[in-house]
Amino acid sequence: MMRNVFFVLLIVLVSCNNAEDKKYETTQQAPAISAVDGERLFKSQCASCHKPDKDFTGPAIKGSLERWGDKKALYEFIRRPWLSISKNSYAKKLFTKWKSVMTGFNLSDKEIDAILAYCDFYGPVPDNKIKSNP
Ligand code: HEC
């Protein structure tokens, strides 16, 4: 009897662990990603539509995090743009301006960190600030 109880407990414990693992899969279990990977990932997955520092088929990526001001929302947008456009007001504005929906990318937080860092350090900072009339 005790043995059975122990067995059930063990199964419960193991399944709880699995659930935790799933939750953190993208952040904690991702292998170490370096800036070089940011360049590689950007060039292989994003460069067909984006340039780091200039508008192209999609907007310049440099400074995105600053424009969004919300890392979670931005990363969600990169993973599921259509969903983000349906609920985030900044994503809606992007869609209105660019008139197309980006494809979603199944990337970990670390991979997105690396891509954004690569773009943020690429070339001079564009002067996108809206100037008020003197
Ligand atoms: C098929 C073309 C395409 C590809 C490939 C693509 N994007 Fe996009 N991206 C767009 C378009 C178009 C927009 C404008 C928003 C919208 O309507 O989806 C956009 C918007 C963005 C924005 C918001 C920029 C801002 O000014 O706030 C980010 C960040 C972004 N993309 C990152 C990426 C990353 C990272 C990749 C590669 C993993 C990627 N994109 C690949 C087309 C693309």
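With the requirement that a residue be in contact with a Pro (Cβ under 8 Å, 6 or more places away or on another chain) and part of a loop (DSSP other than H, G, I, E, B), what does the range 106-134 give you?
Result: 122, 123.
Just give me the residues in the range 45-73 being closer than 12 Å to residue 116 by Cα, basic (Lys, Arg) and either over 14 Å from the mean Cα position of the chain (by Cα) or surrounded by fewer than 17 Cβ atoms within 10 Å (Cβ to Cβ) (or both), in sequence order.
Result: 51, 71.
I'm trying to understand the selection: among the residues of the range 85-134, which are of a type in the set (Gly, Ala, Ser), surrounded by 14 or more Cβ atoms within 10 Å (Cβ to Cβ) and free of Cβ contacts under 8 Å to residues at least 60 places away in the same chain?
91, 104
Scan the range 13-25 and give yes if some residue there is modelled with pLDDT under 95 and surrounded by 15 or more Cβ atoms within 10 Å (Cβ to Cβ), otherwise no.
no
Conditions: (1) surrounded by 17 or more Cβ atoms within 10 Å (Cβ to Cβ); (2) among the charged types (D, E, K, R); (3) modelled with pLDDT of 95 or more. Residue 39 meets all but one. Number of the miss?
The failed condition is (3).
One residue is enough: does the range 74-84 have a residue meeting the conditions basic (Lys, Arg) and exposed (fewer than 13 other Cβ atoms within 10 Å of the Cβ)?
There is no residue in the range 74-84 that is basic (Lys, Arg) and exposed (fewer than 13 other Cβ atoms within 10 Å of the Cβ).
The values are calculated or read from the model by the stated rules, or taken from the named source; none is laboratory data. Source: prediction; values computed, not measured. Please note: Cβ atoms are built from the backbone with ideal geometry, for glycine as well, and neighbour counts cover all protein chains shown.
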